[in-house]
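FYI, it's all coordinate maths here, none of it is from the lab. Just so you know, these numbers come straight off a predicted model, no measurement behind them. Cβ coordinates were reconstructed from backbone atoms using ideal geometry, including for glycine residues, and neighbour counts include every protein chain displayed.
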Amino acid sequence: MNPEASPGSLRDVPTTGRPVPEAEPGLVERWRSQGGELVELLSRVRERCGGVAAFRLGPAPTVLVTDPQAVQHVLARHPERYVKRSHRARVLIGDGVLAATGAAWKRQRRLLQSQFTGTGMRRYEQRITEAARTTAGRWGEYARTGQTLDVGREMRRFALDAIWRSLTGHPLDDGTEREVGAVAAVAAALPTLPADVTGAQDAVAADLARIDAVARHAIEAARSGAPGPDGPGLLRVLIDAATERPEYTDQLIRDELVTLLVAGHETTATTLTWLYLLLHRYPAAREHALTAGGESPAQRRQALQALIHETLRLYPSAWILPRHVTEDDILAGGYAVRAGTDILISPYLTHRDPELWPEPEHFDPRRFLTPDGRPTHPGAYYPFGLGPRACLGLQFALRESTVLLEHLLPVHTVAFHSAPTKAVYGITVRPDGPTPATLQPPHCP
Ligand code: HEM
């Protein structure tokens, strides 16, 4: 490395690399003066400079990574060189597995991993199905009475019920649902909160107190009460871990519980909401998904999963994944990045790259049904991230989404009264507005 190098310079790079192409300052200035969304700036930076591109919002450059090889390099091949830094949701999720780092993260991940893969997942099958049946029952009532429902709210209720049953062994009750609403209030406030954790916690103290009360109650019930109808939930695993591992204090158990509630419901709920909005715009995709498999249950399931994957391609709920470079490195293309640089990886932009995905704005689930329908590089499609920090709930999310669609899609057509076409790019990418609708039997015009 050049010994004269100053932090924040892209020209002074490790000796073997070449500088990352940098967007001209005017581009950032124009974007700033127009009051644009971050996603617009990032799209322009990528268009101008390619899949590894730099821009400056302050004195130091940020590097945007969307090129599949570079994505794989950062997330999967060398995750130790690209780490998560103080997670902005820490105010809410504390030291839970999503925000934890180093040896603590490794231990926490190992304990949870066994619950969310292979045989571990089987114990949640019944709970997911019960949550889907409950939603299907409600939808049956909406259809019968002609009552208006909000699709986004319905999907949040379902996803929260599925994860709550899996954590506690009990169905979600109205009171808990209301109190867990505080999670959404804190999540919405996160971008405007002070940078230090204590200041941020003070600003949302009332909402945090509600969340803590829900967590405390659930932990006490799991410790002392009878298990739910489907046996004990995942919370019991955390409580049992505490008998052998002193690090599992009540505080850490609370942090893991809130982490799984946060990570495990808004993401799935927004995905399912986008899916219904996309079917509204592309009604033929629904017909195709329902008829594609013919009599074969496996093929029918594949067709539903293709709907989910194509939705996640266009709207990967975690649309941006920040990382911090810990040591000088060379990325795909020979681009050099220096220790101390902030990196933004965007599945949203990779998934809309026309060189990887022909007609990228077009919703076409068939991409995921034919072997050559999509690029096979792991860094070309990664809605659940890649590498050791990839989503713990991948199987859970796909399973619950598929089961819900199996219950709802053949029975109801959703007629939206108004359908938002724009997105809000917050912690997740979500529809910009309510999603009121009524339900019609299938094949209604
Ligand atoms: C469609 C739904 C979902 C999407 C798109 C999604 C996406 C993601 C992504 C992209 C990451 C990696 C973040 C990064 O690398 O910075 C992640 C991590 C995580 N997700 Fe999900 N997720 C979904 C559902 C779920 C569910 C249902 C759960 C729990 C049941 C869950 C639990 C987690 C946890 C605990 C992590 C942190 C893993 C770690 O840092 O070791 N997610 N998710």
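Of the beta bridges in the chain, as assigned by DSSP with both residues counted there, near 80 percent are antiparallel.
The string of couplings for region 156-167 from the Karplus curve (6.51, -1.76, 1.60, θ = phi - 60°) is 5, 4, 5, 5, 5, 4, 5, 6, 5, 4, 6, 7 Hz, one whole number per residue in order, with x for Gly and Pro.
May I ask for the Kirkwood hydrodynamic radius of region 257-401, worked out over all distinct Cα pairs and given in angstroms to one decimal? Let's see the in-between values first.
Details: mean 1/r = 0.0595 Å⁻¹.
About 16.8 Å, per the Kirkwood formula over Cα pairs.
Taken as Cα centroids, region 27-67 and region 382-445 sit 29 Å apart, rounded to the nearest whole angstrom. Take the chain, mark every one of the GluC sites (Glu not before Pro) that falls in a DSSP loop and has at most 15 other Cβ within 10 Å, then report the longest stretch left between them, sites excluded. The reported range is 38-246.
If packing is taken as the average count of other Cβ atoms within 10 Å, what order do 408-416, 364-372 fall into, highest mean first? Working shown, then result.
Values: 408-416: 17.1, 364-372: 15.4.
So the peptides 408-416, 364-372, ranked by packing, come out 408-416, 364-372.
I need to check one value: relative contact order of the chain, counting alpha carbon pairs closer than 8 Å and at least 6 residues apart, in percent.
Working: 678 pairs, mean separation 104.2, N = 445.
Dividing the mean separation by the residue count of the chain yields 23 percent.
Qualifying trypsin sites (Lys or Arg not before Pro) in region 44-152, where qualification requires a DSSP coil assignment and no more than 13 other C-beta atoms within 10 Å, comprise Arg85.
Helix-only mean residue ellipticity at 222 nm, the chain, DSSP H runs n ≥ 4 weighted -39,500 (n - 2.57), per residue, nearest 500. What is it? After summing the helix terms and dividing by residue count, I get -16000 deg cm²/dmol.
Annotation for Arg281 and Ala298: the two label points, set 7 Å from Cα along the Cα-Cβ direction, are 3.4 nm apart.
Proximity of backbone amide H atoms, modeled 1.01 Å from N, is registered between Ala339 and Asp328, Asp329 at under 5 Å, excluding neighbours fewer than 5 places apart on the same chain.
May I ask you to work out the translational diffusion coefficient for the chain at 10 °C, viscosity 1.306 mPa s, via Stokes-Einstein with Rh from the Kirkwood sum over Cα pairs, reported in whole µm²/s?
Working: Rh = 23.3 Å.
Result for D is 68 µm²/s.
The string of couplings for region 107-114 from the Karplus curve (6.51, -1.76, 1.60, θ = phi - 60°) is 5, 5, 5, 4, 5, 6, 3, 4 Hz, one whole number per residue in order, with x for Gly and Pro. In sequence order, region 276-283 has phi-based couplings of 5, 5, 5, 5, 5, 7, 10, x Hz under the Karplus curve 6.51 cos²θ - 1.76 cosθ + 1.60, θ = phi - 60°, and Gly or Pro positions carry x. Inter-label distance, Ile239 to Arg32: 5.3 nm, where each label sits 7 Å from its Cα along the C-beta direction.
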